[in-house]
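Okay, structure first, notes after.
The values are calculated or read from the model by the stated rules, or taken from the named source; none is laboratory data. Just so you know, these numbers come straight off a predicted model, no measurement behind them. Ideal geometry is used to build each Cβ from the backbone, glycine not excepted, and the neighbour counts take in all protein chains shown. The area values use the complete protein model at the heavy-atom level, side chains included, leaving out ligands, DNA and RNA. Shrake-Rupley method; radii C 1.70, N 1.55, O 1.52, S 1.80 Å.
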Amino acid sequence: MITRNNFYTPSRVSIKIRGSREWATLLWALGLCAGGIFFFNKGLASYFGDEYLVYVPQGIFLVFYGTLALILSGFFLASVLWDVGSGTCTMDRNRDLCRLLRLNFPGKYRFFEMTFLPSGVQSVNLDVQSGLFPRRVLALTISSNSIPLNSNQELVKITTMETLALALAKWLDVGFEWRESG
């Protein structure tokens, strides 16, 4: 979560990046798990003699979709457990260094680390999408690549995001871009 109190000191900026450990992800995982168990059990019941469903077309599809839902819910639960996508973006003016650290799934590339110079940042972007599915993303542009600093699901007030983006652009001495869509 991007907040003002963990953001700014004269020589250092630190932004915490939230990952997938959110209620929405957990609710999707639990809903998929419940639906997967129901579909899988109903498909197996049709194989063992349920008179309402014929096993060959409907039962096979129920078992297939139930298995798929259980695998997907396991993926969501694992991403919540390991907090995939979380990390920090630290910019230090004394060392003339910016460091982005994010967590991934366990394995060889569990920690994604990117180090770059503050002079390599071209601009600070605030992408705002309004409508049915609103989205507000604070991002850095480095050599035409946009690096997000917050989660898509994180809905912070536009004024707060704009204040933080402007303060970050001022601290980095780069331009600020407002992109609106939808």
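For the reader, a short list of remarks on this structure follows.
- Subset of region 103-125 that is part of a strand (DSSP E or B) and open to solvent by 50 Å² or more (accessible area, probe 1.4 Å) - its residue that is farthest from Leu168 (Cα to Cα): Phe111
- Residue match in region 42-65 (condition: in a helix (DSSP H, G or I), more than 30 Å from Thr163 (Cα to Cα) and under 17 Å from the mean Cα position of the chain (by Cα)): no
- Selection count where residues are among the hydrophobic types (A, V, I, L, M, F, W, C) and open to solvent by less than 20 Å² (accessible area, probe 1.4 Å), scope region 81-101: 4
- Of all residues in region 126-173, those satisfying the criterion of being surrounded by fewer than 19 Cβ atoms within 10 Å (Cβ to Cβ), touching a strand residue (DSSP E or B) at 6+ places or on another chain (Cβ under 8 Å) and in a strand (DSSP E or B) are Asp127, Val128, Gln129, Arg135, Val137, Thr141, Ile142, Ser146, Ile147, Pro148.
- Scanning region 62-74 for residues that are of a type in the set (Phe, Trp, Tyr) and surrounded by 14 or more Cβ atoms within 10 Å (Cβ to Cβ) gives a single hit, Tyr65.
- If you go through region 100-158 and keep only what is touching an Asp or Glu at 6+ places or on another chain (Cβ under 9 Å) and of a type in the set (Gly, Ala, Ser), you end up with Ser119, Ser123, Ser130, Ala139, Ser146, Ser151.
- Test result for Arg21, open to solvent by 50 Å² or more (accessible area, probe 1.4 Å), out of contact with any Phe, Trp or Tyr (no Cβ under 7 Å at 6 or more places or on another chain), at pLDDT below 85 and closer than 30 Å to Ile147 by Cβ: no
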